[in-house]
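Read the structure below first, then the notes.
The values are calculated or read from the model by the stated rules, or taken from the named source; none is laboratory data. Quick caveat, the model's predicted, so the values are computed rather than measured. Positions of Cβ are generated from backbone atoms using ideal geometry, with glycine treated the same way; all protein chains shown enter the neighbour counts.
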Amino acid sequence: MRPIVLIGPMGSGKSTLGKRVAKQMAIPFVDTDKEFSKRYGAITTFFKLHGEEGFRDHESEILKEVLQKAKGGSVIATGGGIILRPANRELLHGHLVIFLDTTVEQVNSRLNTSKRPLLQSDPGAWSRIYQERLPLYQQVAKETLVTAGKPISATVDELIKIVERWG
Ligand code: S3P
């Protein structure tokens, strides 16, 4: 079975939905951000000490590893900036990558910005970052699913249907 990779902006539901889909399909769930924190500590602290590029280096190394380990099938939730590095986009090429799209209204109602270093000091940052990255999400994704304004269970069902369609 192929790995299922979820990409999309901060607050689009990658981790929440990924966990639910993996549970329902009885396959492992991996979260590149969680994997990062296990190895290198809290992301916010790491950004402060080593900057974004230091974070991106480790994020790439983690993506490579989880894709290698996921050969038997698993759901992989990624950090919102995973599509920034060309090497990561190359790694994702050929995989079932699903872009979880959302709106600023939805994100404002549910996102914990204290854990997102890129949003901490600038409330307008989400929309700006979203617009900058949108072409990259679209370029890398095989499928797009809008998660805003729907109950989680409905989105989980839609995701599973997409995965079944890809076989
Ligand atoms: C980031 C998103 C975060 C995390 C880091 C950077 C980004 O993950 O990887 O704070 O650049 O969009 P989530 O998308 O899970 O919030």
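Remarks
- Subset of the range 77-104 (residues that are touching a residue at least 40 places away in the same chain (Cβ under 8 Å), aliphatic (A, V, I, L, M) and within 22 Å of THR44 (Cβ to Cβ)): ALA77, ILE82, ILE83, LEU84
- Selection from the range 139-155 of residues that are surrounded by fewer than 20 Cβ atoms within 10 Å (Cβ to Cβ) and within 23 Å of LEU111 (Cα to Cα): THR144, VAL146, ALA148, GLY149, LYS150, PRO151, ILE152, SER153, ALA154
- Evaluation of LYS34 against (1) among the basic types (Lys, Arg); (2) buried (at least 19 other Cβ atoms within 10 Å of the Cβ); (3) within 13 Å of the ligand (Cβ to nearest atom) (one fails), failing number: (2)
- Residues in the range 37-46 that are in a helix (DSSP H, G or I) and farther than 21 Å from ILE129 by Cα were compared, and the one that is nearest to the ligand (Cβ to nearest atom) is SER37.
- Condition check for VAL97: farther than 26 Å from ILE27 by Cβ, crowded, with 18+ Cβ neighbours inside 10 Å and of a type outside the set (Asp, Glu): no
- Yes/no for LYS19 being among the charged types (D, E, K, R) and over 24 Å from GLY94 (Cα atoms): no
- Residue satisfying condition, being of a type outside the set (A, V, I, L, M), under 24 Å from LYS23 (Cα atoms) and surrounded by fewer than 13 Cβ atoms within 10 Å (Cβ to Cβ), within set GLY72, GLY79: GLY72
- Within the range 47-67, tally of residues that are more than 9 Å from the ligand (Cβ to nearest atom) and either farther than 17 Å from VAL140 by Cα or among the aliphatic types (A, V, I, L, M) (or both): 14
- Qualifying residue in the range 68-87 (condition: within 13 Å of the ligand (Cβ to nearest atom) and part of a helix (DSSP H, G or I)): no
- Residue check for ILE62: among the aliphatic types (A, V, I, L, M) and in contact with an Asp or Glu (Cβ under 6 Å, 6 or more places away or on another chain): yes
- Number of positions in the range 102-151 that are among the β-branched types (Val, Ile, Thr), in a loop (DSSP other than H, G, I, E, B) and within 24 Å of SER37 (Cβ to Cβ): 2
- No other residue among TYR137, TYR130 is in contact with a Pro (Cβ under 9 Å, 6 or more places away or on another chain), more than 10 Å from the ligand (Cβ to nearest atom) and at pLDDT 85 or above apart from TYR137.
- Subset tally (residues that are more than 9 Å from the ligand (Cβ to nearest atom), in a helix (DSSP H, G or I) and buried (at least 19 other Cβ atoms within 10 Å of the Cβ)) for the range 1-24: 5
- The range 13-41: number of residues that are under 18 Å from ASN112 (Cα atoms) and touching a residue at least 60 places away in the same chain (Cβ under 8 Å): 5
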